[in-house]
1. Considering only residues of the range 96-114 that are open to solvent by 60 Å² or more (accessible area, probe 1.4 Å) and of a type outside the set (D, E, K, R), which is modelled with the lowest pLDDT?
2. Does the range 44-57 include one or more residues that are loosely packed, with under 14 Cβ neighbours inside 10 Å, among the small types (Gly, Ala, Ser) and closer than 24 Å to PRO12 by Cβ?
3. Can you name the residue in the range 117-132 that is part of a loop (DSSP other than H, G, I, E, B) and aliphatic (A, V, I, L, M) and is also modelled with the lowest pLDDT among such residues?
4. Among (1) within 25 Å of ARG123 (Cβ to Cβ); (2) open to solvent by less than 80 Å² (accessible area, probe 1.4 Å); (3) not charged (D, E, K, R), where does GLN32 come up short?
5. From the residues in the range 58-83 that are at pLDDT 95 or above and of a type in the set (Asp, Glu), which one is farthest from ARG11 (Cα to Cα)?
6. Consider only pairs whose beta carbons are under 9 Å apart and that are at least six residues apart or on different chains; among these, list those whose first residue lies in the range 3-20 and is in a loop (DSSP other than H, G, I, E, B) and surrounded by 10 or more Cβ atoms within 10 Å (Cβ to Cβ) and whose second residue is at pLDDT below 95 and among the hydroxyl-bearing types (Ser, Thr, Tyr).
7. For TYR38, only one of the following conditions fails: (1) of a type in the set (Phe, Trp, Tyr); (2) touching a helix residue (DSSP H, G or I) at 6+ places or on another chain (Cβ under 9 Å); (3) open to solvent by 20 Å² or more (accessible area, probe 1.4 Å). What is its number?
8. Could you please find all residues in the range 22-37 being in a strand (DSSP E or B) and either farther than 19 Å from GLY51 by Cβ or modelled with pLDDT under 95 (or both)?
Amino acid sequence: MSENNNAAKTRPNFNKGDGLVPCIAQDYKTGQVLMLAYMNEESYNETLRLGYAVYYSRSRQKLWRKGEESGNVQKIHEIYIDCDLDTLLIKVDQVGGSACHEGYPSCFFRKLEGDDYVVVGERVFDPNDVYKKK
């Protein structure tokens, strides 16, 4: 049986639910999961055009160019799509060393130990220094 590898016809299905697809960002060198965000069709197209991660901010209801305030951008190396065409995995070079707005390399810096989550990551920057109130 032959698989159809025509990538031009395969695109994320943004027509489900709210028009957003989850996007997992992973460090392309280490494999560490950095964060989970969402893309709509516009942010996906911008990501392809720029070669840097552009997400859709559900809280701000607008495009979010990763690193627009902090400088911690995500340079795209590879993009994968799941079997249902509704989840993306992007392998990135995390420029600046931090994907998390709380200053950690990964947003997954707390680990369940017993009945509580404890911080197991090391901060790269102080968010109060980077995200100054305007």
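The values are calculated or read from the model by the stated rules, or taken from the named source; none is laboratory data. Treat the numbers as computed from the prediction; the structure is a model and nothing was measured. Note that each Cβ is placed from the backbone with ideal geometry, even for glycine, and that neighbours are counted across all protein chains shown. Note: accessible area is taken over every heavy atom of the protein model, side chains too, but ligands, DNA and RNA are not part of it. Shrake-Rupley method; radii C 1.70, N 1.55, O 1.52, S 1.80 Å.
1. Initially, the range 96-114 is screened for residues open to solvent by 60 Å² or more (accessible area, probe 1.4 Å), giving 101, 108, 110-114.
Going one step further and asking which of them are of a type outside the set (D, E, K, R), we end up with 101, 108, 112, 114.
Details: HIS101: 93, PHE108: 96, LEU112: 97, GLY114: 97.
For the range 96-114, the residue satisfying everything is HIS101.
2. The first filter runs over the range 44-57 and keeps only residues loosely packed, with under 14 Cβ neighbours inside 10 Å, leaving 45, 48-51, 57.
Retained after the next criterion (residues that are among the small types (Gly, Ala, Ser)): 51, 57.
Now drop any that are not closer than 24 Å to PRO12 by Cβ, which leaves 51, 57.
Checked against the condition, which is being loosely packed, with under 14 Cβ neighbours inside 10 Å, among the small types (Gly, Ala, Ser) and closer than 24 Å to PRO12 by Cβ, the range 44-57 yields at least one hit.
3. In the first step, residues of the range 117-132 are kept if they are part of a loop (DSSP other than H, G, I, E, B); the result is 120-126, 131-132.
From what's left, aliphatic (A, V, I, L, M): 120, 124.
Values: VAL120: 96, VAL124: 92.
Per the stated criteria, the residue is VAL124.
4. With (1) within 25 Å of ARG123 (Cβ to Cβ); (2) open to solvent by less than 80 Å² (accessible area, probe 1.4 Å); (3) not charged (D, E, K, R) applied to GLN32, the lone miss is (2).
5. Out of the qualifying residues, it is GLU78.
6. Close Cβ pairs (under 9 Å, with a partner that is at pLDDT below 95 and among the hydroxyl-bearing types (Ser, Thr, Tyr)) do not exist here.
7. (2)
8. Within the range 22-37, PRO22, VAL33, LEU36 qualify.
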